[in-house]
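Structure, as structure tokens:
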Amino acid sequence: MAERPPGDMSDATPIASREGEGRDLAKGGDQGAAEAERLRLDTLREYRIMDTAPEPAFDRVTRMVADLFGVPVALISLVDDRRQWFKSAHGIEARETPREYSFCPHVIAENGPVVVADALSDPRSRDNPLVTGDPGFRFYAGVPLRAHNGAVLGSLCVIDRKARAAPSDVDIARLEDFAEIIMAEADLRRIGAERDEARRTLERALDFSGIATWQYDPLTDRLITQGAGAELWGSGFDAVLATGNGFFDLVHPDDRAQLRALLEETVANKTPYAAEYRIVNPERGVRWNAVRGDWVVHSDDAMLTGVSIDITEQKSRQENANLLMRELHHRMRNLFATVSAIISLTRHAARDVDDYVERISSRLDALNRAQNVLLGSNFMTGSMHALMREVEASFPRIRWSGPDLLLPENALVAMALLFNELATNAAKHGALTGENGRVAVSWTQDEEGAEGRMFRMIWAESGGDRLVVAPDRTSFGTLLMERSVKNNLGGTIERRWEPGGLVVEIALPARWREA
């Protein structure tokens, strides 16, 4: 642990320049020793003390130790992989030396006190250039600076330029007491640094999570906040939220009275605090906040402490869910009304029980196709193409073409019933009775902005095996088609029984947008 004497420091630069000559001792030795050295170096980094500025608390110790032992030099030396660095150096001006020229690594290796009474005669130091040359150290006594986990980070040592008798056990014990004082001070700084880092990490986590912590003193009306305050309450929130009354300036006017009454009740009864309320955020508009708090008692003071979190998105999802439930309820009522009407009207048109069951089943299948399409999207609109794929799955010889359109629920149900009646009639009486029969469905819709914009569809049957003629009476199926087109969709329907098969032309006001 050779260093410069006070006074002439003309050769200080050569000592400092030898830092680069240090040898990486952590890479030497057997695997166990290398692992122990890695642990020691990791522990040294934990203390975050290397290369920090001089501090009076440490300098006071080296000065006292030098006076107590009557030596010109006392050092607090910390050893990394290439150098020894002095947190405090009494009696010399240099701040570090290469590790291979120092005595302190012997303290680390011995894991205990090291005494060199005469460095010129000791084999560990007699060839050391800091002993054979300037500054000519002769005496060294050092004790370990032991970390919280037992790792030796360096030494507290006393040095003289003349040989001395070995210190007594009592003297070594005193030196060890000072070393413990040094490490106690270092541990305070380490724990403080870890605490500060943990606090910064928590604050960053709170910022990223959109959560703010707060503490409210009801006696002084003082409010302290940390975390995502700007996100929750808007820029400049610090000044407004300095007091509880200031906080209420940010609360939505419709929620202030209820929230203030809840806080007053919480303060009066010392009960937990929980609420959901709206905030008028200057940058983000009206936002929903949730707050949870409880009392923390320090001595005779009780502080209401808790967290606030933005729940606007959750509220939005909840409102959407409520809207969806209302829509589903409305749809179910419509669906039951439609089913009830079909059951009632089909009963009058059926020839017998079997015919009644067949007709009811067919029409309920049509409603099921519409529901399948709605369930595959957003429950409120459905794709025309998706509906036609459902129809084609039940009636494979139907071919279709046209732009994909988004139909609202009532229109989709009406179109599903219309296609079912047309397809069922074609299978029983029209083109689909024969193997070569076909149905072509096509539709168009006028461009947006066109005057009198219309949707037009043609149902054309062909290739049937029997002559197609107009029926001699109006069936329930015909009435259902007309009701679907005229009443539900506000359009017109025309049927022509041509020799090749039935042709149906439908025209509706174009209200649907393309998918």
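The values are calculated or read from the model by the stated rules, or taken from the named source; none is laboratory data. Not measured: the values here are computed from a predicted model. Glycine gets a Cβ as well: all are built from the backbone with ideal geometry, and neighbour counts include every protein chain shown.
Could you say which residue among ALA386, ALA366 is in contact with a helix residue (DSSP H, G or I) (Cβ under 6 Å, 6 or more places away or on another chain) and under 18 Å from VAL485 (Cβ atoms)?
Only one candidate passes the filter, namely ALA366.
To keep it simple, each residue is scored yes or no on (1) in a helix (DSSP H, G or I); (2) surrounded by 15 or more Cβ atoms within 10 Å (Cβ to Cβ); (3) modelled with pLDDT of 90 or more; (4) β-branched (Val, Ile, Thr).
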site	(1), (2), (3), (4)
CYS157	no, yes, yes, no
ARG164	no, yes, yes, no
ILE172	yes, yes, yes, yes
LEU175	yes, yes, yes, no
ARG195	yes, no, no, no
ARG199	yes, no, no, no
LEU202	yes, no, no, no
GLN215	no, yes, no, no
SER235	no, no, no, no
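Considering only residues that are out of contact with any strand residue (DSSP E or B) (no Cβ under 7 Å at 6 or more places or on another chain) and closer than 22 Å to ARG466 by Cα, look in the range 484-515 and name the one that is surrounded by the fewest Cβ atoms within 10 Å (Cβ to Cβ).
Only one residue fits best here, namely PRO499.
I'd like the full set of residues that are of a type in the set (A, V, I, L, M, F, W, C) and assigned to a loop (DSSP other than H, G, I, E, B), limited to the range 48-91.
ILE49, MET50, ALA53, VAL71 - these are the residues of the range 48-91 that are of a type in the set (A, V, I, L, M, F, W, C) and assigned to a loop (DSSP other than H, G, I, E, B).
Which one of these does ARG63 not meet: (1) buried (at least 18 other Cβ atoms within 10 Å of the Cβ); (2) modelled with pLDDT of 95 or more?
Here ARG63 clears every test but (1).
Applying the selection to the range 242-265, what residues are in contact with a Leu (Cβ under 7 Å, 6 or more places away or on another chain) and touching a residue at least 24 places away in the same chain (Cβ under 8 Å)?
Residues satisfying the conditions are GLY244, PHE247, VAL251.
Which of the strands (runs of 3 or more DSSP E) contained wholly in the range 93-148 include at least 2 residues that are over 17 Å from ARG82 (Cβ atoms), touching a residue at least 12 places away in the same chain (Cβ under 8 Å) and among the aliphatic types (A, V, I, L, M)?
Ranges flagged: 114-116, 139-146.
Which numbered condition trips up ILE211, out of (1) buried (at least 22 other Cβ atoms within 10 Å of the Cβ); (2) over 26 Å from TRP85 (Cβ atoms)?
(1)
Conditions tested, residue by residue: (1) under 15 Å from PHE419 (Cβ atoms); (2) of a type in the set (S, T, N, Q); (3) at pLDDT below 65.
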{"residue": "HIS330", "(1), (2), (3)": "no, no, no"}
{"residue": "LEU335", "(1), (2), (3)": "no, no, no"}
{"residue": "SER340", "(1), (2), (3)": "no, yes, no"}
{"residue": "THR346", "(1), (2), (3)": "no, yes, no"}
{"residue": "ASP355", "(1), (2), (3)": "no, no, no"}
{"residue": "ARG359", "(1), (2), (3)": "no, no, no"}
{"residue": "ASN368", "(1), (2), (3)": "yes, yes, no"}
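Pull up the range 298-311, narrow it to residues that are among the hydroxyl-bearing types (Ser, Thr, Tyr) and over 18 Å from ILE279 (Cβ atoms), then point me to the one that is modelled with the lowest pLDDT.
Of everything passing the filter in the range 298-311, SER299 is modelled with the lowest pLDDT.
What are the residues in the range 47-84 that are over 14 Å from LEU175 (Cβ atoms) and in contact (Cβ under 8 Å) with a residue 60 or more places away in the chain, if any?
Within the range 47-84, TYR47, ARG48, ILE49, ALA57, PHE58, PRO72, LEU78, VAL79, ARG82, ARG83, GLN84 meet the criteria.
Give the range 366-405 a look and list any residue that's in contact with a Ser or Thr (Cβ under 8 Å, 6 or more places away or on another chain) and under 18 Å from VAL441 (Cβ atoms), or say none.
ARG369, VAL373, SER383, ALA386, TRP400, SER401, GLY402, PRO403, ASP404, LEU405
Could you tell me how many of the residues in the range 243-280 are assigned to a helix (DSSP H, G or I), surrounded by 18 or more Cβ atoms within 10 Å (Cβ to Cβ) and among the β-branched types (Val, Ile, Thr)?
Of the residues in that region, 1 qualify.
Those residues that are exposed (fewer than 14 other Cβ atoms within 10 Å of the Cβ), farther than 20 Å from CYS157 by Cβ and over 35 Å from the mean Cα position of the chain (by Cα), I need them from the range 35-55; list them, please.
Once the filter is applied, which keeps residues that are exposed (fewer than 14 other Cβ atoms within 10 Å of the Cβ), farther than 20 Å from CYS157 by Cβ and over 35 Å from the mean Cα position of the chain (by Cα), the range 35-55 yields GLU35, ALA53.
So, of the residues in the range 409-438 that are in contact (Cβ under 8 Å) with a residue 60 or more places away in the chain and not in a helix (DSSP H, G or I), which turns out to be nearest to ARG363 (Cα to Cα)?
Looking at the filtered set, the residue picked out is GLY430.
Any residue that is at pLDDT below 90, of a type outside the set (Asp, Glu) and under 19 Å from ASP221 (Cβ atoms) - is there at least one of those in the range 290-297?
Yes, some residue in the range 290-297 is at pLDDT below 90, of a type outside the set (Asp, Glu) and under 19 Å from ASP221 (Cβ atoms).
Restricting attention to the range 442-454, which residues are surrounded by 10 or more Cβ atoms within 10 Å (Cβ to Cβ) and more than 24 Å from TRP497 (Cβ to Cβ)?
Of everything in the range 442-454, those that are surrounded by 10 or more Cβ atoms within 10 Å (Cβ to Cβ) and more than 24 Å from TRP497 (Cβ to Cβ) turn out to be GLN445, ASP446, ALA450, ARG453, MET454.
Within the range 491-508, does at least one residue satisfy the condition of being outside any helix (DSSP H, G or I), touching a Gly at 6+ places or on another chain (Cβ under 7 Å) and of a type in the set (Gly, Ala, Ser)?
Within the range 491-508, one or more residues are outside any helix (DSSP H, G or I), touching a Gly at 6+ places or on another chain (Cβ under 7 Å) and of a type in the set (Gly, Ala, Ser).
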